[in-house]
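Worksheet: the structure to be examined is printed underneath.
The values are calculated or read from the model by the stated rules, or taken from the named source; none is laboratory data. Nothing here was measured: the structure is a model prediction, and the numbers come from that model. Cβ: placed from backbone, ideal geometry, glycine included. Neighbour counts: every protein chain shown. Quick note on the areas: whole protein, heavy atoms, side chains included, nothing else; ligands and nucleic acids left out. Shrake-Rupley method; radii C 1.70, N 1.55, O 1.52, S 1.80 Å.
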Amino acid sequence: MNSIVILAGEGEYGSHRTMAAYADDVGAELPGAKVHYRVPDVLDDHPDFPASSFGDLGVLADADLLVIYTRFRILPDEQMVQLSDYVRRGGNVLGLRTATHAFHYPDDSPWARWNDGFGRDVLGSPWVSHHGHSSRTAVTRVPGEHPVLAGIPDRFTSRSWLYRVRPQPDCRPLLHGEPVDAENAPTPSQVAWVRERPQGRVFYTSLGHPDDFALEAFRGLLVNATRWCLG
């Protein structure tokens, strides 16, 4: 039985609510999976970056997949040790949108390296910038086949404003994004990729606006990515 741990805590996009749809999809498509759905005790994560907690994350010790959609979290040391142990042992990771900047520790914290390092070293890209809240993203498939793209249309439009990213060389792009009605200089960027490392399989997408969860293409993408991450 696969064990999946979901950490959903992002104030602007309300991931503690929207990711419930993903959890339902996983339960329907992978009926044997055990899903641990965790939201933080403090939901407002901007602009003051308050300390918060997801409770005991001991379930990560036996988890097969960590799904993370948080932003600017400051978690207790014990939970960060549990997360660090999971990543170090080669646990698979699926990250959405703000997971590239999932943590926001002060410079003198021993966990400060996770502020950029989790996005760069685990997911494949640090946070860079975006094209403005009033813009959208035209999404197209990158040529080539991959299990994550099964049944995904060649083109669709996302309400997510496009993130600028810098994927590492070992990331394989799956979806490409063009900004629509950008509020600043348009910079086409990848919006989804996979990464296979000795430390486990990784999938990341910069999509994840609440409206995206009404898109069959987006929800199908997440289910496909979950299957792929689980091998």
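With open to solvent by 70 Å² or more (accessible area, probe 1.4 Å), touching a residue at least 60 places away in the same chain (Cβ under 8 Å) and either over 30 Å from ALA185 (Cβ atoms) or not small (Gly, Ala, Ser) (or both) as the only criterion, which of ARG120, ARG73, ARG88, ARG113 stands out?
Testing whether each residue is open to solvent by 70 Å² or more (accessible area, probe 1.4 Å), touching a residue at least 60 places away in the same chain (Cβ under 8 Å) and either over 30 Å from ALA185 (Cβ atoms) or not small (Gly, Ala, Ser) (or both) leaves just ARG88.
Checking ALA28 against (1) free of Cβ contacts under 8 Å to residues at least 60 places away in the same chain; (2) outside any loop (DSSP other than H, G, I, E, B); (3) closer than 20 Å to PHE103 by Cα, which test does it fail?
Only one criterion in (1) free of Cβ contacts under 8 Å to residues at least 60 places away in the same chain; (2) outside any loop (DSSP other than H, G, I, E, B); (3) closer than 20 Å to PHE103 by Cα is unmet by ALA28, namely (3).
Just wondering, is there one or more residues in the range 54-62 that are open to solvent by less than 10 Å² (accessible area, probe 1.4 Å), within 19 Å of TRP127 (Cβ to Cβ) and not in a helix (DSSP H, G or I)?
no
Of everything in the range 4-16, what is of a type outside the set (Ser, Thr, Tyr) and either under 11 Å from the mean Cα position of the chain (by Cα) or at pLDDT below 95 (or both)? Give them in sequence order.
ILE6, LEU7, ALA8, GLY9, GLU10, GLY11, GLU12, GLY14, HIS16
Results for (1) free of Cβ contacts under 8 Å to residues at least 24 places away in the same chain; (2) of a type outside the set (Gly, Ala, Ser); (3) open to solvent by 20 Å² or more (accessible area, probe 1.4 Å); (4) out of contact with any Ser or Thr (no Cβ under 7 Å at 6 or more places or on another chain), shown as yes or no for each residue.
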| residue | (1), (2), (3), (4) |
| --- | --- |
| LEU7 | no, yes, no, no |
| THR18 | no, yes, yes, yes |
| GLU78 | yes, yes, yes, yes |
| LEU83 | no, yes, no, yes |
| ASP108 | yes, yes, yes, yes |
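Could you grab me the full set of residues in the range 31-47 that are in a loop (DSSP other than H, G, I, E, B), open to solvent by 20 Å² or more (accessible area, probe 1.4 Å) and either free of Cβ contacts under 8 Å to residues at least 24 places away in the same chain or within 25 Å of TRP127 (Cα to Cα) (or both)?
PRO31, VAL39, ASP41, VAL42, LEU43, ASP44, HIS46, PRO47
Assess whether VAL165 counts as being at pLDDT 95 or above, over 15 Å from the mean Cα position of the chain (by Cα) and surrounded by 13 or more Cβ atoms within 10 Å (Cβ to Cβ).
No, not satisfied.
Within the range 176-212, track down each residue that is within 22 Å of GLY14 (Cβ to Cβ), within 15 Å of the chain's Cα centre (by Cα) and open to solvent by 20 Å² or more (accessible area, probe 1.4 Å).
HIS209, PRO210
Just to be sure before I move on: is PRO50 over 27 Å from VAL148 (Cβ atoms), surrounded by fewer than 17 Cβ atoms within 10 Å (Cβ to Cβ) and at pLDDT 95 or above in the structure I sent?
no
Could we say that PRO173 is in a loop (DSSP other than H, G, I, E, B), modelled with pLDDT of 95 or more and either open to solvent by 60 Å² or more (accessible area, probe 1.4 Å) or under 16 Å from VAL142 (Cα atoms) (or both) here?
The answer is no for PRO173.
For ASP154, indicate whether it is touching a residue at least 40 places away in the same chain (Cβ under 8 Å) and either surrounded by fewer than 20 Cβ atoms within 10 Å (Cβ to Cβ) or not polar (S, T, N, Q) (or both).
No.
Looking at HIS131 and the list (1) touching a residue at least 40 places away in the same chain (Cβ under 8 Å); (2) in contact with a Phe, Trp or Tyr (Cβ under 6 Å, 6 or more places away or on another chain); (3) surrounded by fewer than 22 Cβ atoms within 10 Å (Cβ to Cβ), which single condition is not satisfied?
HIS131 satisfies all of (1) touching a residue at least 40 places away in the same chain (Cβ under 8 Å); (2) in contact with a Phe, Trp or Tyr (Cβ under 6 Å, 6 or more places away or on another chain); (3) surrounded by fewer than 22 Cβ atoms within 10 Å (Cβ to Cβ) except (3).
Can you pull out every residue in the range 191-222 that is in contact with a Leu (Cβ under 7 Å, 6 or more places away or on another chain) and not in a loop (DSSP other than H, G, I, E, B)?
If the condition is that a residue be in contact with a Leu (Cβ under 7 Å, 6 or more places away or on another chain) and not in a loop (DSSP other than H, G, I, E, B), then VAL191, ALA192, TRP193, VAL194, VAL202, PHE203, TYR204, THR205, PHE218 are the ones that fit.
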